[in-house]
Each structure stands twice: as C-alpha cells, then as structure tokens.
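J.: I have a structure here, written as structure tokens, and I will follow up with some questions on it.
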Amino acid sequence: MAKKLADVRQRAARVGRTVKFGIRLHVIVRETENQAWAAADQLISKLDDATVARAQAVIGKMDSEGQRRMAALHAGGGGRSRAELEISPNLWAGVGLVRSGAGTALVGDPLTVAARIKEYAELGIDTFVLSGYPHLEEAYRFAELVFPLLPRSVRDRPPGKVLSGPFGEVMATGIVPRAARGTRE
C-alpha cells in the first residue's frame, strides 16, 4: 500500500495537486485473536460452493478495478480457510466471497486491530470507513475494545465535512422538488 500511495502522491504533485486517502474495511474484533478468527469463519460457514460461484459470477461482471482485484484474491471462490483468505496480516478477504464493494476485514484482538489501523494512518490514510457484521454489535465491540487504544491523532483527526443523515436531504440540497405534470401542487 505504501508504494501505491506514494505513486498517487507523485502523480498528483506533477499536476500541482495534493490528495487525501481513505480506506473502507469491515472489522471483526473480539477479546482474543482466536475468538476473532472463529467469528470470521462463522460469517462464511454456511456458504456453499454454488452460492459463492453465483456471487463471484455477478461480481466478475462488474466494471471495477477493485472488484477485479477482489475476484483475483478469491481465485474463483474455492478457498475458505484463513490461509487462503488472509491476504495480509489480519486482513481477511472472506467477506468479498459473496459481497461486492468492501470485501476485506481487519480481524483480531483489540491490540492487533488498533495496531493495523495505526499502520494505515502512518502510511497516510486520512479517513477510515469501518463496519462489521452484525453492524450494531460490531460497532459496539469496536467502540469498547479498539477505539480507546487508538492515539488521539487517529481518533480525533477531523475528516473534513461530516455528512450525517437524513442523507436524502443532504443529497438533494439545491434540488427543489416539483409537482409532476398532471398533479396538483
């Protein structure tokens, strides 16, 4: 990742620009490393080969470099073991077997997950978009177990303008709804 970020920074500098970087990840954090990997295994434990093959076929049709790379990581979706899906220390590609978009997760105990997030921040990642399954439960786990371990420089880094709901209103700012033809205002 360091090489990719440096390359993009250099390209931007050549045209007089600077860039910021973000990363989208799922998080699977538990009290121990073994519990976290067991939770990761549980997430994909009910997937059969036919389900994965169907999902990979749909994902493979997408015109996205990111999706192409995720599909390559899965090599057709045959692998389900940690060894086959751990693409970097504590970075697991299991979610992407059947999900498009963000298909990787940080997996581990609180200290390990915090350390990986710090590593990304030190590389220059400015924004982290994190989620998990089930969403609410994993958010609570992260808040209780990992967030206190992150240095203030990572926790308190203002991301710029923060969008908060209702998103429909945010998205439509400046667009005034009009009555459809043939209806009363």
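J.: Which of the residues spanning region 1-54 are in a loop (DSSP other than H, G, I, E, B), without any contact (Cβ under 8 Å) to a residue 24 or more places away in the chain and surrounded by 12 or more Cβ atoms within 10 Å (Cβ to Cβ)? If you could, list the steps in order and put the result at the bottom.
T.: Restricting attention to region 1-54, the residues satisfying the condition of being in a loop (DSSP other than H, G, I, E, B) are 1, 15-20, 30-32, 45-48.
Still in the running and without any contact (Cβ under 8 Å) to a residue 24 or more places away in the chain: 15-19, 45-46, 48.
Across region 1-54, the qualifying residue is only VAL19.
This table checks each residue for (1) out of contact with any helix residue (DSSP H, G or I) (no Cβ under 9 Å at 6 or more places or on another chain); (2) part of a helix (DSSP H, G or I).
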{"residue": "SER100", "(1), (2)": "no, no"}
{"residue": "ARG116", "(1), (2)": "yes, yes"}
{"residue": "ASP126", "(1), (2)": "yes, no"}
{"residue": "TYR133", "(1), (2)": "no, no"}
{"residue": "TYR140", "(1), (2)": "yes, yes"}
{"residue": "PRO148", "(1), (2)": "no, yes"}
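J.: While we're on this one: Looking only at region 106-142, which residues are of a type in the set (S, T, N, Q) and over 15 Å from the mean Cα position of the chain (by Cα)?
T.: Step one: filter region 106-142 for residues of a type in the set (S, T, N, Q), giving 112, 127, 131.
If the condition is that a residue be of a type in the set (S, T, N, Q) and over 15 Å from the mean Cα position of the chain (by Cα), then THR112 is the only one that fits.
Read-outs: derived from the displayed coordinates by stated rules, not from any lab. These numbers come from a predicted model, not from an experiment. Cβ sites come from the backbone with ideal geometry, for glycine too, and all protein chains shown count toward neighbours.
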